[in-house]
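Encoded as structure tokens, the structure appears first; notes follow it.
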Amino acid sequence: MTVIVTGGAGFLGSYICDVLVEQNANVICIDNYASGTESNISHLFDAENFRFVRHDIAQPIFFDENIDVVMHLASRASPLEFYDYPIQIFKANTLGTWIALGIAKRHGARFLFASTSEVYGSAEVVPTPETYNGNVNPVGVRGCYDESKRAGEAICIAYKRQHNIDVRIARIFNTYGPRMRAEGVYGRVVPRFIYQALRNEQLTIFGDGKQTRSFCYVTDQIEGLLRLAWFDGASGEVVNIGYPEETTILELAEMIIEITGSESNMSFHPQPEDDPRRRCPLIDKAKNLLKWKPEMGLREGLRRTAEWWRAGTA
Ligand code: UDP
């Protein structure tokens, strides 16, 4: 079986490549290193069944060998990147989805689209089911991500309707773990807080810190995504994959300070525009359809992530 993973050098994509290489699939990893890094995949370069193609998936690309599955994960995903790279984000999720679907169509391959909880925007229904249509500000700073992922989903379903391509759409909620970047515009809240805590720096709380997220450990997320990709009865399905318990950002900061034994305290900064107040998935569909639910508790997942940071920065 040959699988294309776009964004394969990214946080989630690189774990998918790891699992597929281990399972003896032929893996073609496409990435332009916009936010992915060579260090995420360099350990795979010697594997016979792994091939890296440095390429921007918003540009056409053709393959001669048979392709069985296309997994489209390429996109910047950090809110801080939304300010600097809105056009590239749009291209990755619209043109990129189009091109990746074109590959699937040409080869009769199955298609997995990495969508996002952001299609729900500032959800008014929490925990949010797949049937909720969203509350998105198209011209806000998050619009480039939210609207391009929404368009990406719509393009997938168009290919399902018109060409009967076997598409599956994962709405991925906040995920964390080793390999997630902390620096600059790439930094999401968990790696930023761990990085700050390990240096006894102040943890930077945006707004009052009472906004919530639901944090899924990366191995659970990958298991959910692969179940959605492989399960025969999931063609055309849209499924939330995430951790079903909410935590406030303040609680997260306190937990990370405690776990790392840090002397850090917190500093408060303005709330980013359109930052959702609450985010939590309803995962009944994943439970019923895929027999999936996360296994890793937040505290243990944070401990493992902090250990990875400690080992790398020791
Ligand atoms: N956040 C924070 N401090 C930081 C980074 C993020 O308080 O240094 C907050 C951010 O405002 C948001 C939440 O943490 O409410 C999650 O942010 P993240 O960047 O991980 O992505 P999001 O879930 O908003 O897409």
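The values are calculated or read from the model by the stated rules, or taken from the named source; none is laboratory data. Here the structure is a predicted model, which means the values were calculated and not measured. Cβ atoms come from the backbone with ideal geometry, glycine included; neighbour counts cover every protein chain shown.
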**Q.** Enumeration of residues in the range 1-20 that are part of a helix (DSSP H, G or I) and either surrounded by 21 or more Cβ atoms within 10 Å (Cβ to Cβ) or not hydrophobic (A, V, I, L, M, F, W, C) (or both)
**A.** PHE11, LEU12, GLY13, SER14, TYR15, ILE16, CYS17, ASP18, LEU20
Q: Those residues that are under 22 Å from GLY297 (Cβ atoms) and within 10 Å of the ligand (Cβ to nearest atom), I need them from the range 183-194; list them, please.
A: ARG188, VAL189, VAL190, PRO191, ARG192, PHE193
Q) Out of the range 119-142, which residues are without any contact (Cβ under 8 Å) to a residue 60 or more places away in the chain and out of contact with any Ser or Thr (no Cβ under 7 Å at 6 or more places or on another chain)? A) VAL119, GLU124, VAL125, THR131, TYR132, ASN133, GLY134, VAL136, PRO138, VAL139
(Q) If a residue must be among the small types (Gly, Ala, Ser) and under 23 Å from PRO244 (Cα atoms), how many such residues does the range 122-162 contain? (A) 3
**Q.** Search result, residues across the range 271-297 that are within 14 Å of the ligand (Cβ to nearest atom) and in contact with a Phe, Trp or Tyr (Cβ under 9 Å, 6 or more places away or on another chain)
**A.** GLN271, PRO272, ASP275, PRO276, ARG279, CYS280, PRO281
Q: Looking at (1) within 14 Å of the ligand (Cβ to nearest atom); (2) crowded, with 23+ Cβ neighbours inside 10 Å, find the lone condition where VAL167 falls short.
A: (1)
Q. Within the range 129-150, can you find the residues that are surrounded by fewer than 20 Cβ atoms within 10 Å (Cβ to Cβ) and among the polar types (S, T, N, Q)?
A. THR131, ASN133, ASN135, ASN137
Q | Exclusive hit being of a type outside the set (A, V, I, L, M), more than 10 Å from the ligand (Cβ to nearest atom) and closer than 20 Å to GLY177 by Cα, set GLU237, GLU251 | A | GLU251
**Q.** Answer from LEU250, LEU226 - the residue that is part of a helix (DSSP H, G or I), within 22 Å of the chain's Cα centre (by Cα) and at pLDDT 95 or above
**A.** LEU226
Q) Within the range 204-219, can you find the residues that are near the ligand (Cβ under 10 Å from one of its atoms), hydrophobic (A, V, I, L, M, F, W, C) and either in a helix (DSSP H, G or I) or in contact with a Leu (Cβ under 9 Å, 6 or more places away or on another chain) (or both)? A) ILE205, PHE215
Q: Please work out which residue is surrounded by the most Cβ atoms within 10 Å (Cβ to Cβ), limiting yourself to the range 170-200 and to residues that are among the polar types (S, T, N, Q) and closer than 23 Å to PHE11 by Cα.
A: THR175
(Q) Looking only at strands (runs of 3 or more DSSP E) that lie completely in the range 21-118, which have at least 1 residues being within 16 Å of the ligand (Cβ to nearest atom) and touching a residue at least 24 places away in the same chain (Cβ under 8 Å)? (A) 110-116
Q) Quick one: GLY261 ticks every box in (1) under 21 Å from LEU12 (Cα atoms); (2) out of contact with any strand residue (DSSP E or B) (no Cβ under 9 Å at 6 or more places or on another chain); (3) more than 16 Å from the ligand (Cβ to nearest atom) bar one, so which box is it? A) (1)
Q | In the range 123-144, the residues that are within 19 Å of VAL238 (Cα to Cα) and either of a type outside the set (D, E, K, R) or not in a loop (DSSP other than H, G, I, E, B) (or both) | A | ALA123, VAL125, VAL126, PRO127, THR128, PRO129, THR131, TYR132, ASN133, GLY134, ASN135, VAL136
Q.
Could you check the range 189-204 and list, in sequence order, the residues that are under 22 Å from the mean Cα position of the chain (by Cα) and not aromatic (Phe, Trp, Tyr)?
A. VAL189, VAL190, PRO191, ARG192, ILE194
